[in-house]
Each structure stands twice: as structure tokens, then as C-alpha cells.
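In what follows, a structure is listed as C-alpha cells, so that the remarks can point back to it.
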Amino acid sequence: MRKMKDVVFFDIDDGSPRVLQVVIEKGKVPKNLTFGSSVETKGILNLNKNKQIELLAENVEVIGNCDLDDEYPFLPKKSYSDEYLRQYLHFRSRTHKFGSLLRIRNSICFAIHKYFIENNFIQIHTPVLTSNDCEGAGEVFCVAPYGFNRETNSSEGSSFFGDTAYLTVSGQLHLEVMARSMGNVYSFGPTFRAENSKSRLHLSEFYMVEAEMAFTYTLEEIMKFCENLIRSVTETVLNVCGEDISKFKDTNVVNSESMKFTSVPFTVITYQEAAKILDKNKRQLHSEFHFNNSLSKEHELFLVKYNGNMPMFIIEWPKCVKPFYMKSLPENNEKVMGFDLLSTNVGEICGGSLREDDIDKLQDSLLELKLQNKLHWYLQLRKYGNIPTGGFGIGFERYIQTLLGIPNIKDTIPFPRWPHSCKL
Ligand code: 4AD
Ligand code: MG
């Protein structure tokens, strides 16, 4: 609020990208109109001498006043760090920057669905509760196998599902079921990982965009589709959300980061080639690289930087570092036809593969993992009328992070969850 001699100016924010300046006669301002209050106002829109639209208000009514006591976390005209705002998740969306983030997030969602629909994919609602750990990394949240007893206020009692249930880490196995009846399918929903990592790149609950493509014989087809999806969605969002994107402080970063998704074909290198680059440059690296191991975050970020900060696919991974479902190379059983897509600022944003369709090889892998009973149904998919499929999963928040140059993934989602923090 800015009080002049005869009139008062104040800004209102209705959840759209622009703040509207309101002008009202001093005598018409209610006493309890303070910073932070909710108002209803009526008037005439006017183009002022600075060529800005303002509202010449006839009246203003305070709907919900705002006690500016010690507990209210904001003061007028102050800006706050991301860390500070994260402490107040129930108020964070009132800041302009987070409002912009939410609108951009919404537009990206819409663009993703649109792209899939235009390409004749069917959306499948894969379950949140499941009995399988798709990635086999043991990072599942177990849902207590006991029903909650209201009377004793405890979770002891009879087994609810009769078997262990988890929160899903990926909808892939369910999509594989559907691809064998429906053709190309996708899902876009929450996934959960109990990784004990407080890093700026991990959430315990995040959204994943997953596609499973039917009658797919080569990894290249999957990578091409994934690349086209990312390019198309990025182009759409840059077009639609220009005003919100410009709210992000360093617009140059945003534009240059985003251009990397839109301008050139993504680089493709093999794991072996990546290993050579890391080996040659080991003096610049803190974490040692060991062949046949997965890449550390430092390795991923180094490789992207080495590639001029352009997105890059890494293919032909050692079988031992990837999940059981990836199809091995025809000429080399120790390597799989899988990829990781790395991108600037975050490293891996997407993982995908062709799925193993050789029933004997799959059976051996499941036996080794003692999953032959639990995933008997998965084996049956190969036995009865199988088709070759493959797909990928994009970490939605990691994509937003890389697109907008956001340092911490917790600032890409309205209500972030991470170890020791499940607020609200
Ligand atoms: O590489 P991931 O583990 O692949 C899968 O889950 C496959 N089943 C997907 C498929 O083929 N349908 O996970 C996919 C992506 C990662 O590349 C990463 O971007 C993101 O999910 N991701 C996370 N994002 C935020 N927080 C975490 N803890 C994440 N873990 C994975
Ligand atoms: Mg992965």
C-alpha cells in the first residue's frame, strides 16, 4: 500500500501472472486494510500515464483481514530466500515467484498430456499401492500390513492386504501389462522413493511421466520419442508461459537452458565412451569412477558439462547396474539396451529401456532376485502372446528444475517431502 495525499495505491494479486494496481480515495479505505489481507474491490480499469492497467476503485471491502503479528512470515516490500519460504509451505504460493512456478508446472502438465494424446497414447491410471518394487533398489515405502485400529488408536491388528504392500516407485510394470492389450500407453502420477537423501535433487514423493511403447524393436525409437516429447513440451511452455518464465530472476539462464532442449538433437554416447571421458579427466573429479558401476552425480554433471551443457543419452549400460527388466544386447549378455538421459543442472532426468522379452533370460534374472513367485504374472506376459515393448520415465520435477534453472528440487513442487520432512 502506498498512501498519497488524497488517494491510496495498493496492489492486488488474484493468482494470475500480473499484479493489479488499485487506486482509491483515501476516505474509502477500510481501517483494517493491511498488507496480506483478502479483499473484494470494484471499479473501472484505466490505462495510466505509464501505460499500465490500473483499477480506479469505487469501493474496497476486506474479506479476511491479516494480523501482521510475529507469526505472519512476510513483511511488505521484502523478498525472501527459497529456504525461508520452504518453512512456510502454507503461505509459499502467495509469493509471485512460486505462483509463477505453479502456473508453469500446470502448463507443462497440460502440454505433456496433449503430446501423448496427439500421438495416440492412452493414459493409464497405474496404482499407488502395489506389491512390487519395480526398480528392485529396496527404496520402497512399506505400507504397514496392518489395518489401523481406531479403538486402540494403534496399527496392530489383522493384516490388511494379506501381503506386503508398498507405495509405487514406478508404474512401469503395470504399463507393460496395458501395452500388451492397448498399444501405446502412458501414465503421469506420483511415485515414491525412500532414498535417504537430502540432496537438492531428490524427493521422497515426485511425479513421473512414463511411457510404454508397443511393438518397439529398437532403443532408438524410444529415445527419439522421448526427445521429441521433451522438445515439443519445452517449445509449448516457452510460448505459453513467457511472462511467468520471465519472473525467474536470471531469464538468460532460463532461455539458454531451455534452448538446449529445443535447438539440437540430443547427443548419444555409450557407457564405455562415458567411462573413457571420466577416466581421462579423473584429476578433475572428487569421486572415483569404477567401471561396471553406476555414475555418481558428480560424474553425470561432469559429462553434461563436457558435452557443452547439452542433453545427452548414455546407452549400453552394464547389466549389473540396471534393473532386471532391461533387455540385454543380442551380442553381449552383460550389457543392456537401456538409457539414461542427462541434462544440465541436474544430471539424470530420465531413464528408459527395451524390456527383456526372452523368457529364459527373464526367468534367470527373477530367480536370482528370488522374485520368481512374486513376479510370476510378469513372466506370463512373455509366455502368452508377447510383443516387444520399451519405454521410459521422466522425473517431472527434475525436468522443471533443469528447464527453469532451479537449484533445489524442493522448490518445484507445492508440498515437497524429503527425509524427516513431511509437513502439512
Ligand atoms: O530411472 P528411474 O528409476 O526409472 C524408472 O523408474 C523406470 N521404471 C521408468 C520407466 O522406464 N518407465 O526413474 C525415472 C526418473 C529418473 O531419471 C529421475 O529423473 C526421476 O525419475 N527420479 C527422481 N526424481 C526426484 N526424486 C527422486 N528421488 C527420484 N528418483 C528418480
Ligand atoms: Mg535411473
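The values are calculated or read from the model by the stated rules, or taken from the named source; none is laboratory data. Quick caveat: nothing in here was measured; it's all calculated off a predicted structure. Every residue, glycine among them, receives a Cβ derived from its backbone with ideal geometry; neighbour counts consider all protein chains shown.
For the range 114-139, taking the residues that are in a loop (DSSP other than H, G, I, E, B) and of a type in the set (Ser, Thr, Tyr), the one that is modelled with the highest pLDDT is identified as THR126. Within the range 310-335, if we keep just the residues that are within 12 Å of ligand 1 (Cβ to nearest atom) and in contact with a Ser or Thr (Cβ under 6 Å, 6 or more places away or on another chain), the residue that is farthest from ILE269 (Cα to Cα) turns out to be PHE324. Consider ALA111 carefully, then state whether it is among the hydrophobic types (A, V, I, L, M, F, W, C), under 23 Å from LEU203 (Cβ atoms), touching a Ser or Thr at 6+ places or on another chain (Cβ under 6 Å) and at pLDDT below 95. It is false that ALA111 is among the hydrophobic types (A, V, I, L, M, F, W, C), under 23 Å from LEU203 (Cβ atoms), touching a Ser or Thr at 6+ places or on another chain (Cβ under 6 Å) and at pLDDT below 95.
Among the residues in the range 343-358, are any more than 16 Å from ligand 1 (Cβ to nearest atom) and under 30 Å from TYR166 (Cβ atoms)?
Yes, the conditions are met somewhere in the range 343-358.
When the range 286-324 is filtered for residues that are farther than 23 Å from GLY405 by Cβ and of a type in the set (Asp, Glu), the ones remaining, listed by number, are GLU288, GLU316. Among the residues of the range 171-191, the one identified as part of a loop (DSSP other than H, G, I, E, B) and either of a type in the set (D, E, K, R) or at positive phi (or both) is GLY183.
This table checks each residue for (1) part of a strand (DSSP E or B); (2) not small (Gly, Ala, Ser).
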| residue | (1), (2) |
| --- | --- |
| LYS5 | no, yes |
| VAL8 | yes, yes |
| ASP11 | yes, yes |
| SER16 | no, no |
| VAL22 | yes, yes |
| GLY27 | no, no |
| ASN32 | no, yes |
| GLY36 | no, no |
| GLU40 | yes, yes |
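Touching a Pro at 6+ places or on another chain (Cβ under 9 Å) and in contact (Cβ under 8 Å) with a residue 60 or more places away in the chain: which single residue out of THR389, THR402, THR412 fits that description? Within the list THR389, THR402, THR412, the selection yields THR402.
Among the residues of the range 38-54, is there at least one that is among the charged types (D, E, K, R), in contact with a Lys or Arg (Cβ under 9 Å, 6 or more places away or on another chain) and not assigned by TED's automatic domain parsing to the domain that holds GLU235? No, that holds for no residue. I'd like to know if the range 133-140 contains one or more residues that are of a type outside the set (Lys, Arg), surrounded by fewer than 20 Cβ atoms within 10 Å (Cβ to Cβ) and away from ligand 2 (no atom under 16 Å from the Cβ). Checking the range 133-140: not a single residue is of a type outside the set (Lys, Arg), surrounded by fewer than 20 Cβ atoms within 10 Å (Cβ to Cβ) and away from ligand 2 (no atom under 16 Å from the Cβ). Among residues belonging to the range 209-258 that are of a type in the set (Asp, Glu) and touching a Pro at 6+ places or on another chain (Cβ under 8 Å), point out the one that is modelled with the highest pLDDT. Only one residue tops the list, namely GLU227. Say whether the condition of being charged (D, E, K, R) and crowded, with 21+ Cβ neighbours inside 10 Å is met by at least one residue in the range 366-374. There is no residue in the range 366-374 that is charged (D, E, K, R) and crowded, with 21+ Cβ neighbours inside 10 Å. When PRO419 is tested against (1) over 18 Å from the mean Cα position of the chain (by Cα); (2) farther than 21 Å from GLY171 by Cα, only condition (1) is not met.
Selection of first residues in the range 1-25 that are more than 19 Å from THR95 (Cα to Cα) and in contact (Cβ under 8 Å) with a residue 60 or more places away in the chain and of second residues that are among the basic types (Lys, Arg) and part of a loop (DSSP other than H, G, I, E, B), restricted to Cβ pairs under 7 Å at least 6 apart or on distinct chains, gives an empty result. Tell me whether the range 174-197 contains one or more residues that are away from ligand 1 (no atom under 12 Å from the Cβ) and of a type in the set (Ser, Thr, Tyr). Taking every residue of the range 174-197 in turn, at least one turns out to be away from ligand 1 (no atom under 12 Å from the Cβ) and of a type in the set (Ser, Thr, Tyr).
Looking at LYS423, LYS374, LYS361, LYS370, just one residue is over 17 Å from TYR207 (Cα atoms), among the basic types (Lys, Arg), away from ligand 1 (no atom under 12 Å from the Cβ) and touching a Phe, Trp or Tyr at 6+ places or on another chain (Cβ under 8 Å), and that residue is LYS423.
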